[in-house]
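Beneath this line is the structure, given in structure tokens, with notes to follow.
The values are calculated or read from the model by the stated rules, or taken from the named source; none is laboratory data. Please read these numbers as outputs of a predicted model, since none were measured by experiment. Neighbour counts run over all protein chains shown; Cβ positions are idealised from the backbone, glycine included.
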Amino acid sequence: MVREQRASVYAGFSYSVDTTDQQAIAMAGKARSMQSQLAAAAAFINPELLAIREERLMQWIETESRLTIYKHFFSNLFRVKDTSAPAKSKRYWGCWPIHLAVRQRHPAC
């Protein structure tokens, strides 16, 4: 992740210096694509952790010292779990490009 962030920042700075530079535009596009691929590859992590239950994760942290660095992450994950958007609004925002482009042809959204 750190390497991806460095590449993304570098590409973003190059693009910001000259927005007409084709090489910088290509680098920024590749960086965005890499970010999307990494996000997609890691998308399973939070739902899997939530399925384990907070009590069990905290037990693991107590028994395995190498997991203590993740204690805050786990606590925060379970804290914000209940404050996420309702399913109806998630469905709507998941379809927002469709709403903008072809609202009348896509009744599911």
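Things to note:
- Any chance residue 54 is modelled with pLDDT of 85 or more and surrounded by 11 or more Cβ atoms within 10 Å (Cβ to Cβ): yes
- Taking the criterion of being over 22 Å from the mean Cα position of the chain (by Cα) and either closer than 30 Å to residue 75 by Cα or of a type in the set (D, E, K, R) (or both), the residues of region 1-49 that qualify are 18, 21.
- Selection status of residue 42, of a type in the set (Gly, Ala, Ser) and modelled with pLDDT under 90: yes
- Applying the criterion of being over 29 Å from residue 10 (Cβ atoms) and touching a helix residue (DSSP H, G or I) at 6+ places or on another chain (Cβ under 9 Å) to the residues of region 24-51, the residue that is surrounded by the fewest Cβ atoms within 10 Å (Cβ to Cβ) is 50.
- Residue within region 65-75 that is within 25 Å of residue 5 (Cβ to Cβ) and either in contact (Cβ under 8 Å) with a residue 40 or more places away in the chain or under 15 Å from the mean Cα position of the chain (by Cα) (or both) present: yes
- Conditions (1) at pLDDT 90 or above; (2) of a type outside the set (A, V, I, L, M, F, W, C); (3) closer than 29 Å to residue 8 by Cα: number failed by residue 84: (1)
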